Amino acid sequence: MKPAYLHDLDFPQELWRPFAENRAHIRCSPGFLIYLQGTEATCFYYLKEGRVKSYIQSAEGAERVLHIYQTGSLFGEASFFDGLPRVSSAVALTPCLLVPIDRELVTREIAQNPELAMAMLNYLARTVRLLSQQVDQMAFRPARWRVAHYLLTHNTKGCSVRCTQEEIADSVSVSRITVSRILSDFSREGLISQGYRELALLDLPGLECVCSDI
């Protein structure tokens, strides 16, 4: 069981596969803008392969990362369901395969598998909790806690996190220099080891203590 402070969108990848079966996918390269903040949401997406960044941007151009989606995730669903303009933008971080999910498809799949409706409600509720958690981090938590929490909530089954220091900095609202310093501290403490665009998490209980002790 995860500690109470850890909440992410870690739904089983196979849960959303009915949306992707027998559907043509879109192939996009890194940097491809999937959708733009303020536009109409005619569909949402199943991320069949790759990594996608969701972010919001101020009128002055300042950017705040909301989430990094991994293979097997859904994204862009909130505005699709409430019928209002998108509150965020999404861009491919790596080569991606995306399956667009329109209203006809989601209606048909839920009719065939009603459990998908409850799963979707759980997913939307988890998204709200995740955003609330980010507000808590920005308002009350020190940088060391934020970085440790990011690593814990983005680790894969192999206990590693594929990311850059810039991605962590954008996600937790601290400078890249601060992230670099904290990661170096974690390395000296034996909590992680650093590689090219990847961090190995060597001591998960130790990282959890960083969060629980603050």
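The values are calculated or read from the model by the stated rules, or taken from the named source; none is laboratory data. Because the structure is a prediction, the values reported are computed rather than measured. Note that each Cβ is placed from the backbone with ideal geometry, even for glycine, and that neighbours are counted across all protein chains shown. When the accessible area is computed, the model is the full protein with side chains, heavy atoms only, and any ligands, DNA or RNA have been set aside. Shrake-Rupley method; radii C 1.70, N 1.55, O 1.52, S 1.80 Å.
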message = Tell me yes or no: at least one residue of segment 53-60 is under 24 Å from Ser173 (Cα atoms), touching a His at 6+ places or on another chain (Cβ under 6 Å) and surrounded by 14 or more Cβ atoms within 10 Å (Cβ to Cβ).
response = yes
query = In segment 180-208, how many are open to solvent by less than 30 Å² (accessible area, probe 1.4 Å) and either modelled with pLDDT under 90 or in contact with a strand residue (DSSP E or B) (Cβ under 8 Å, 6 or more places away or on another chain) (or both)?
reply = 7
Residue that is at negative phi and at pLDDT 85 or above, where the choices are Ala125, Ala117, Ala111, Ala139 = Ala111
task = Output the residues belonging to segment 163-214 that are touching a residue at least 60 places away in the same chain (Cβ under 8 Å) and farther than 12 Å from Tyr150 by Cβ.
result = Glu208, Ser212, Ile214
Filter result for Leu47 (surrounded by 20 or more Cβ atoms within 10 Å (Cβ to Cβ) and under 19 Å from Ala20 (Cβ atoms)) = yes
query = Among the listed residues Pro100, Pro114, which satisfies the condition of being more than 24 Å from Ser171 (Cβ to Cβ), buried (at least 17 other Cβ atoms within 10 Å of the Cβ) and not charged (D, E, K, R)?
reply = Pro100
